[in-house]
Amino acid sequence: MPPVTGHGTCTSWSVLSPDHVAAAFDVDPARGPSTARAAELLRTDGPNSLPEENPVPGRQRCPAQCRSHLQTGFDSKQMNGGQR
């Protein structure tokens, strides 16, 4: 098992057992981090969330969807009710 001395020092977290990762972060898996530890992680690492993307306006989304259909083409069977 790779050595872990704290978060950010190991590049292959996915190969570690959950217990090993919990020990590296000093967290009890059954209870999660203490309130103080959670506040420290929030302060140092920020919130545990993904950045929100701005929605694409409809006037840009519609032409893109139409181009997608035109590029992939239509199945001639669908266009002629199953007849070629």
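We did not get these values from a lab; they are worked out from the coordinates using the rules stated. As the structure is a computational prediction, the values presented were derived from the model and not from experiment. Reconstructed Cβ throughout: ideal geometry from the backbone, glycine too, with neighbour counts over all protein chains shown.
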Report summary line: Placing each pseudo-label 7 Å from Cα in the direction of the beta carbon, A39 and S12 end up separated by a distance in nanometres of 3.8
**Report entry** Sorted by Cβ density within 10 Å, fewest first, the residues V56, V21
**Finding:** V56, V21
